[in-house]
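Data first, discussion second: the structure below is written as structure tokens.
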């Protein structure tokens, strides 16, 4: 190196906030309470206020759909990052939940207050039972098999002309009013997001994460791997079914387009953009991707090109994901130091 | 030494395609025994462990543990009965801190059954129980080692972590698959008393080892394997002086010479 030119490197220093090391201190100062609460409040209040800020019904509807995609993305991230099952079955979960809610509403006359939770639970059980034979598979093998489920279901409904065939099931009740319709997905998403963040740090969550890390050691510890995988799939599938059930009541129609692969693919893209393993990241990814996808609608088929470009740009320039990057910026200083 | 058999293997056979990895191996382990299994590389020692613990499906043969036939049971059921094992290639949960590694076995049905509230029942805190177990096994409680990610721990600690995972289950039997391999002399020296203590606590041990000197210090019976077959079984002294063993295991060299190099 030439004389006089000084070599520097970037150094990262943890912020000197006690809350990082000792949770009790968080209660002792307003600054530290704010440090903890601010990012969470931004998300919660942001999602709650967003429908009031955006212009017109159309964009309010987009936000609702975004939240449903958010549910799917969180469910994908949970299964892929914490359990090690890369699932392309998002569309299957949505379709199952949607059709179950539709049947419960039209055949049994249940109100949306009952159909949505019961479709989520029953759909979760149904999806778990159907995926049970595939649970020994891992990674990309599970991905391929789980992709088959939505394709298969749509074809079966089409070919056998059951459940309304290609016309779908019509005449489903909407949510009682606009506010419920607008906020049900938002509130559900927030509840599930924070609930799931809690779940993965409990002892139960540790076991589930252990399944991903190393299933042989789980077996050697006398724990049934398949049982824990099944419970995780149930959690994830219920979230997808919940989204599907909401969707059906919003559109007041249920059809085979609910098995469309958009519901499988977009959550994955959102997880890539938002940062996998953060659970919040995928929601953030959906908040970016779904509106962009709507805005690009004017370009017709060209929108796929723009969409792809955005994805590629994210993968190249921010492959860690927005949330991982943002979290680092929030918790650490960066400064140049002389070597 | 009581003569109550705790683990009986009958004619265990395992073939991988045309290769016979285990050929009609039978043995009995009594409660409180420390059985050493030795043999050259590829002689079927680890396959024996895998067959006993259900990680590999036997081609034929039976295994009885505590009087129950466990030949067809899946590995988690066998571990649940108290027949635990360590892995030769350590298998910690790399993304978790050392003590959190133990929360997982402590969450298992067996630990919850046997551990009472300390095993992490409704009142128990599995984190503290985990640290207690780690301290027993040689992690300094007040150091940062138990709190470090398993990915950053050296081999010596990972081997101990393997043992700790078994202990968390309050086992009847621990099968140690080469627990001394890859360790330095001083690490082995600190490990031997641990093994002796497990033995005094009444845990039956099966140890697969290449470190004969340390093994013969703790083992009361040794089984020698070669080419998937049981060559002989007996006390360490008897095994050491056997000509067949010398020839199969040590080649033609004198055993005393090998022992001094071991």
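In region B:127-221, counting only helices (runs of 4 or more DSSP H) that sit wholly within it, the ones holding 3 or more residues that are more than 22 Å from residue B:96 (Cα to Cα) span B:185-200, B:212-218. Every listed requirement among (1) in contact with a helix residue (DSSP H, G or I) (Cβ under 7 Å, 6 or more places away or on another chain); (2) in a helix (DSSP H, G or I) is met by residue A:278 save one, (2). Taken over region A:112-123, the criterion of being within 12 Å of residue A:244 (Cα to Cα) and surrounded by 24 or more Cβ atoms within 10 Å (Cβ to Cβ) is satisfied by A:115, A:116, A:119, A:120, A:123.
Quick check on my filter: what residues within region A:40-56 are in a helix (DSSP H, G or I) and under 22 Å from residue A:266 (Cβ atoms)?
Here is the first cut: in region A:40-56, the ones in a helix (DSSP H, G or I) are A:40-53, A:56.
Answer for region A:40-56, where residues must be in a helix (DSSP H, G or I) and under 22 Å from residue A:266 (Cβ atoms): A:43, A:46, A:47, A:50, A:51.
When region A:145-167 is filtered for residues that are surrounded by 13 or more Cβ atoms within 10 Å (Cβ to Cβ) and assigned to a loop (DSSP other than H, G, I, E, B), the ones remaining, listed by number, are A:163, A:164.
Within region A:4-19, restricting attention to residues that are assigned to a loop (DSSP other than H, G, I, E, B) and within 23 Å of residue A:37 (Cβ to Cβ), which residue is modelled with the highest pLDDT? Of everything passing the filter in region A:4-19, A:15 is modelled with the highest pLDDT.
Counting the residues of region B:88-98 that are crowded, with 23+ Cβ neighbours inside 10 Å and at the interface with another protein chain (Cβ under 9 Å from one of its Cβ atoms) gives 2.
One residue alone among A:120, A:102, A:91 is in contact with a strand residue (DSSP E or B) (Cβ under 7 Å, 6 or more places away or on another chain) and assigned to a helix (DSSP H, G or I), and that residue is A:102. The set of residues in region A:192-214 that are free of Cβ contacts under 8 Å to residues at least 60 places away in the same chain, more than 7 Å from chain B (Cβ to nearest Cβ) and in contact with a helix residue (DSSP H, G or I) (Cβ under 7 Å, 6 or more places away or on another chain) contains only A:199.
Within region B:69-86, identify whether any single residue is in a loop (DSSP other than H, G, I, E, B) and within 20 Å of residue B:159 (Cβ to Cβ), and answer yes or no. Give the steps one after another, and end with the answer.
First pass over region B:69-86, keeping only residues in a loop (DSSP other than H, G, I, E, B): B:70-74, B:82, B:86.
Going one step further and asking which of them are within 20 Å of residue B:159 (Cβ to Cβ), we end up with B:86.
The answer is yes; a qualifying residue exists.
Restricting attention to region B:99-118, does a residue exist that is at pLDDT 90 or above, outside any helix (DSSP H, G or I), more than 7 Å from chain A (Cβ to nearest Cβ) and buried (at least 24 other Cβ atoms within 10 Å of the Cβ)? No, region B:99-118 contains no residue that is at pLDDT 90 or above, outside any helix (DSSP H, G or I), more than 7 Å from chain A (Cβ to nearest Cβ) and buried (at least 24 other Cβ atoms within 10 Å of the Cβ). Taking region B:11-32, which residues are at pLDDT 90 or above and closer than 30 Å to residue B:200 by Cβ? Selection gives B:12, B:25, B:26, B:27, B:28, B:29, B:30, B:31. Selection over region B:43-87 of residues that are touching a residue at least 60 places away in the same chain (Cβ under 8 Å) and away from every other protein chain (no Cβ under 14 Å) gives a count of 6. The residue that is nearest to the other protein chains (Cβ to nearest Cβ), counting only those in region A:221-264 that are touching a strand residue (DSSP E or B) at 6+ places or on another chain (Cβ under 6 Å) and buried (at least 24 other Cβ atoms within 10 Å of the Cβ), is A:248.
For region A:295-302, state whether one or more residues are buried (at least 17 other Cβ atoms within 10 Å of the Cβ) and out of contact with any strand residue (DSSP E or B) (no Cβ under 9 Å at 6 or more places or on another chain). Reasoning before the result, please.
Taking region A:295-302 first, the residues buried (at least 17 other Cβ atoms within 10 Å of the Cβ) are none.
No.
The values are calculated or read from the model by the stated rules, or taken from the named source; none is laboratory data. Note that the structure is predicted; figures quoted are calculated from it, not measured. For neighbour counting, all protein chains shown are included, and Cβ atoms are generated from backbone atoms with ideal geometry for every residue, glycine included.
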